[in-house]
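Report on the structure given below.
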Amino acid sequence: MSEPVIHFDHVRKRYQNGHEALRDVCFSMERGELAFLTGHSGAGKSTLLKLIAMIDRPSGGSIIIENRNLSGISNWQIPYFRRRIGIIFQNPTLLNDRNVFENVALPLLISGYKSEDIRRRVRAALDQVSLLDKEKSTPLALSGGEQQRVGIARAIVNKPAVILADEPTGNLDPELSVDIMNIFRRFNQVGVTTLVATHDVELVREFPYRRLILRDGILSEAPDL
Amino acid sequence: MKRHHRRRGATPISSNPKQKTDETDQNTRQKSVNQKGVQRHNSLALYFQQHHQAIKYALQRVFHSKSASIMTILVIGIALSLPLGLHVLIKNTLMLSKGVEDRPSITLFLMETKTNTWVKRLENRLVKREDIDSVKVIDPEQALAEFQDYSDLNPDFLKLPHNPLPYVIEVYPKLDQQDFSNMEKLQAEFQGWPEVHLAQLDMLWLQRLYAIVSILKSSSNLISALLAMGVLLIIGNTIRLMSQAYSEEIRISKLVGATNAYVSRPFIYSGLMYGFLGGICAIVIIGFAVILINPSVQRLLSLYNNERSLIGLNMSEISIVLAIGMSLGLFGAWVTARNIITKFSL
């Protein structure tokens with residue numbers, strides 16, 4: 001039995017306006033596990049992902065990521081912690097004044113890799129999302145699905161231990177959504193722990209992975225498929 | 001964190017604990033997890049790489065919004081040129097005053113009956129004093145000759161039965177900058193001596209000029225301080241607007257693990273560039289001002305038989321202006337960028 005990569009222990013999150021986004025969340029994910037996080041919008045999916053990425057801190061309980069209790073990470077250490085996590089959004093959030101290559105290279109530049117390593121890794125990441133021929137294009141010249149794949153390449157280029165995806169297929173048609181999910185599945189197969197927040201019921205039905213359901217801030221596990 | 005999961009040994013993710021890593025992982029005590037053979041820069045190379053990058057981005061940002069940048073640079077240039085212009089004015093005034101006459105002095109008209117040897121003794125006494133630089137004795141014959149040279153009067157008219165002129169000693173005190181209080185004290189002291197008929201402080205006009213200059217100097221300090229504040233605010237505001245234009249980049253960079261320092265750096269370099277270019281602008285403004293004003297100053301001076309012209313800025317003044325511009329830019333941008341970026345919510 002390996003130790004969990006993500007471990008939530010009685011986590012609560014209450015916002016300053018009194019809204020209780022997460023009430024008592026307990027769950028664990030092992031290395032190389034892929035899970036869906038489902039629930040209605042406003043059920044707390046984004047909040048949960050934000051707590052893992054340390055965009056926000058919990059009001060109670062403890063979160064352990066890769067054997068590190070997040071409460072022991074001070075604010076100035078957060079950037080270094082975040083380099084171990086790949087985040088993907090509903091909107092691809094690319095920089096339109098830089099080309100595809102430069103967008104994907106951003107995390108490596110920030111972490112201080114040498115340029116030849118950056119080149120190699122960016123190419124590898126773009127190859128994984130089948131966009132190697134588009135490295136010189138600007139994001140605006142790409143389709144929605146291609147932009148999303150650039151976002152994924154950027155999230156995985158640092159070889160993170162954990163990938164968090166917040167509604168990654170929200171703006172895409174069903175076929176493209178399946179493409180994106182297949183990409184996640186490939187990473188998952190090489191040992192990356194992946195948590196995909198989605199309310200796309202069709203997608204969840206098509207891929208028989210573990211399902212975590214958030215309802216009014218309470219997490220429950222869906223029965224095995 | 002010393003332990004790494006290796007459950008799926010086939011993964012390309014492997015730890016390499018011996019690797020020399022950047023500040024990152026040392027700080028978080030996380031071993032860098034890289035593909036085999038992939039190396040990050042050591043800390044010095046990383047430092048240069050990241051600053052090189054930041055300068056590149058700063059240049060892009062400054063040149064991207066050209067009209068806004070030009071306006072900022074002009075405003076900084078004008079703000080810096082006002083105290084700089086005052087400085088040049090003061091410098092030229094002091095320089096001209098030196099050219100018009102020689103040093104301020106106290107003239108002692110001695111009692112009539114004094115003999116040559118007696119005057120010599122008095123001269124020695126004066127020369128020995130610490131507060132006196134030099135002394136010049138003018139005997140009555142010399143004074144009369146000089147007077148006759150300068151006078152338009154008929155020389156016969158000046159044929160007097162005896163020379164009515166007294167011995168005169170010109171005393172040049174050591175000047176303590178432009179402080180005239182010691183001159184006045186000396187004058188009062190000499191006037192009290194029994195052998196001195198009259199001690200006269202020359203160059204009262206110079207004293208007045210220096211008083212005006214000192215007013216100019218203190219107002220110039222005040223103006224400089226106010227305008228420096230103005231420059232800080234201008235740069236702060238420009239950096240604030242720039243950070244709004246680049247908020248998406250700040251957000252994404254922070255999400256993929258950029259430190260606040262990393263995100264702030266291009267803004268701080270932008271501030272530095274604005275300060276530098278503003279300084280250049282001020283130097284150009286003053287250069288043109290000197291060229292424009294010089295003919296009229298020369299015309300004025302020619303009325304006083306003075307062939308001087310205005311002095312512009314020398315190299316050390318130019319470097320000081322640039323250094324001041326750059327420090328203001330650096331400081332203003334640093335405070336603003338740090339403030340915005342630490343408070344930036346993702």
What residues of segment B:256-277 lie in the reach of a label at B:THR342, counting those whose backbone N is under 12 Å from a point 7 Å from the Cα along Cα→Cβ?
B:260-261
I'd like the mean, over residues of A:29-36, of how many other protein chain beta carbons sit within 10 Å of each residue's own Cβ.
2
Cα long-axis angle, helix A:115-128 against chain A (0 to 90 degrees, to the nearest 10):
70 degrees
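At 0.36 nm per residue, minus the direct Cα-Cα distance, what do B:LEU222 and B:SER43 gain on full extension? Give it in nm, one decimal, please.
Numbers: separation 179, 0.36 × 179 = 64.44 nm, distance 4.40 nm.
Extending this stretch completely gives an extra 60.0 nm.
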Can you run phi through the Karplus equation (6.51, -1.76, 1.60; θ = phi - 60°) for segment B:314-324 and list ³J(HN,Hα) in whole Hz, with x for Gly and Pro?
9, 4, 5, 5, 4, 5, 5, 4, 5, 5, 5
Hey, got a sec? Which chymotrypsin sites (Phe, Trp or Tyr not before Pro) in segment A:106-193 land in a DSSP loop and have at most 16 other Cβ atoms within 10 Å?
none
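Between B:VAL284 and B:LYS136, what length in nm is gained on full extension when 0.36 nm per residue of separation is reduced by their alpha carbon distance? Walk me through the numbers before you get to the answer.
Numbers: separation 148, 0.36 × 148 = 53.28 nm, distance 4.68 nm.
Gain in length upon complete extension: 48.6 nm.
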Using a 10 Å cut-off around each Cβ of peptide A:111-120, what is the average number of partner chain Cβ atoms that fall inside?
6
Hey, how many Å between the Cα centroid of segment A:148-212 and the Cα centroid of segment B:183-217?
90 Å
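Provide the net charge surrounding A:TYR15, with neighbours chosen by a C-beta distance below 14 Å and charges set as Lys +1, Arg +1, Asp -1, Glu -1.
+4
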Under 5 Å from the placed amide H of A:ILE163, counting only residues 5+ away or on other chains, we find A:GLY86, A:THR193, A:THR194, A:LEU195
In terms of Cα to Cα distance under 19 Å, which aspartates and glutamates are near enough to B:LYS217, apart from those fewer than 8 places away along the same chain?
B:ASP176, B:ASP179, B:GLU317
Which residues among segment A:5-24 fall inside the zone where the amide N is under 19 Å from a point 7 Å beyond the Cα of A:TYR209, along Cα→Cβ?
A:5-8
If one takes the longest principal axis of the Cα atoms in chain A, at what angle in degrees, from 0 to 90 and to the nearest 10, does the Cα axis of helix A:174-189 lie?
80 degrees
Taking the convex hull of the Cα atoms, report for segment A:94-159 its projected area averaged over all directions, in nm².
3.8 nm²
Spelling out what I want: for every residue of segment B:292-298, take phi, set θ = phi - 60°, compute 6.51 cos²θ - 1.76 cosθ + 1.60 (Karplus), and round to whole Hz; glycine and proline get x.
5, 7, 3, x, 5, 5, 5
If you fit an axis through the alpha-carbon atoms of helix A:144-156 and take the longest principal axis of the Cα set of chain A, what angle between them do you get, 0 to 90°, nearest 10?
70 degrees
In whole angstrom, note down how far apart the Cα centers of segment A:60-90 and segment B:122-144 are.
86 Å
Once A:GLU175 and A:ASP133 are pulled to full extension, the length gained, defined as 0.36 nm per residue separation minus their Cα-Cα distance, is 13.0 nm
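Past the 28 Å Cα-Cα mark, which pairs from A:LYS114/B:LYS66; A:LYS134/B:LYS56; A:LYS114/B:LYS343? Numbers along the way, then the final one.
Numbers: A:LYS114/B:LYS66 32 Å; A:LYS134/B:LYS56 24 Å; A:LYS114/B:LYS343 30 Å.
The pairs that break the limit, which is 28 Å between Cα atoms, are A:LYS114/B:LYS66; A:LYS114/B:LYS343.
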For the residue pair A:ASN182 and B:SER319, what label-to-label distance in nm results when each label sits 7 Å from Cα along the Cα-to-beta-carbon direction?
6.6 nm
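Rule-based calculations on the coordinates, nothing more; no lab input. In this text the structure is predicted, and so the values were computed from the model without any measurement. Neighbour counts are summed over all protein chains in view; Cβ atoms, including those assigned to glycine, are modelled from backbone coordinates with ideal geometry.
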